[in-house]
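What follows is calculated from the coordinates using simple rules that are stated; it is not laboratory data. In this text, all values refer to a predicted model and were calculated from it rather than measured experimentally. Glycine gets a Cβ as well: all are built from the backbone with ideal geometry, and neighbour counts include every protein chain shown.
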Amino acid sequence: MPNKPETDKSTSGHKPVIGITGGIGSGKSTVASAFADAGCAVINSDDLNSQQLADPEVIAELTGWWGEKILTESGTLDRKAIASVVFQDPSQRKRLESFLHPRIARESDRMLAEFRATPSVRAIVLDSPLLLEAGLDAKCDSVVFVDADDQTRLSRVVRSRGWSEDQWRQREKSQFALDKKRTRADHVLANNSSDLDELRSSVDDILQSLEKGPSSTD
């Protein structure tokens with residue numbers, strides 16, 4: 001078995017909690033959607049982060065740190081402006097994470113409890129860019145590493161996010177190395193193609209192995 005933190009059984013409940021990790025542009029959200037189609041509930045950290053950035057209390061706090069240069073004309077937070085601050089200064093990135101991560105964690109825990117109590121939910125998926133970095137894998141019964149080659153990942157972020165190659169590589173440096181993520185995972189799911197049927201089949205195999213119990217993943 002991979003060398004990863006022991007699952008917190010007090011929070012895992014009887015439904016499998018599955019963490020998704022991988023490089024930027026590997027298609028983690030596409031994999032999460034495949035899990036959702038298979039009857040899982042997905043907790044998306046990016047969505048929770050966006051909710052926090054729309055909170056007036058958060059807007060006031062961050063504006064107090066960095067001034068109105070991080071605001072749009074309509075008074076909302078400009079995510080690109082914030083990114084330009086935090087990715088140029090690691091101390092500011094840590095400052096932001098220390099402020100936002102506990103808030104996001106509280107909402108994530110609330111959703112976990114809600115989904116555990118929902119009979120129709122087959123499993124719960126944590127879709128977080130910083131799953132390992134934030135220690136969220138400790139809440140998981142299994143971690144899936146989404147694998148895609150560099151050229152595929154780069155082309156995806158250029159197309160979907162408008163990033164340059166330098167921007168992509170800079171953001172990758174703020175996360176764990178891919179080899180470390182792969183080593184910490186229980187499953188590796190290849191996602192280089194656009195074959196959704198193949199992806200759904202792989203997702204279903206993972207779910208069935210988890211539903212059979214720990215002995216099936218040894």
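Within the set of other residues whose C-beta is less than 13 Å from the C-beta of K80, count the net charge using Lys and Arg as +1 and Asp and Glu as -1.
That works out to +3.
The calculated FRET efficiency for the pair A190 and A60, based on their C-beta separation and a Förster distance of 41 Å, comes to about 0.40.
With Cβ to Cβ distances under 13 Å as the rule, what net charge do the other residues near S160 carry (K, R +1; D, E -1)? Mind dumping the intermediate values first?
Values: positive: K28, R153, R156, R159, R161; negative: D46.
Result for the neighbourhood of S160: +4.
Directionally averaged projected area (the chain, Cα convex hull): 12.6 nm². Of K28/K69; K139/K180; K80/K181, which sit over 22 Å apart, Cα to Cα? Beyond 22 Å: K28/K69; K80/K181. When the Gaussian network model of the chain links Cα atoms closer than 10 Å, the mean-square fluctuations of E114, E97, E172 top out at E114. Taking a ≥ b ≥ c as the square roots of the eigenvalues of the Cα gyration tensor, segment 147-218 is oblate, since a/c reaches 1.5 or more and a/b is not larger than b/c. Per residue of the chain, the DSSP helices (runs of n ≥ 4 H) give a summed -39500 (n - 2.57) that works out to -16000 deg cm²/dmol at 222 nm.
Which order, highest average first, do 39-45, 192-198 follow once you tally other Cβ atoms within 10 Å for each residue and take the mean per peptide? Kindly include the intermediate steps, with their values, before the conclusion.
Working: 39-45: 19.7, 192-198: 10.7.
Peptide ranking by packing, descending: 39-45, 192-198.
Enter the angle in degrees (range 0 to 90, nearest 10) between the Cα long axis of helix 150-161 and the first principal axis of the Cα atoms of the chain, meaning the one along which they spread out most. Roughly 50 degrees, rounded to the nearest 10. First check a/c for segment 82-172, with a ≥ b ≥ c the square roots of the eigenvalues of its C-alpha gyration tensor; if it is under 1.5, answer rounded, and if not, answer prolate when a/b is larger than b/c or oblate otherwise. It comes out oblate by the Cα gyration axes.
Percent relative contact order of the chain, based on C-alpha pairs within less than 8 angstrom and at least six residues apart?
Computed over the chain, the figure is 39 percent.
Report D for segment 84-132 in µm² per second (integer): Stokes-Einstein, Kirkwood Rh on Cα pairs, 4 °C, 1.567 mPa s.
101 µm²/s
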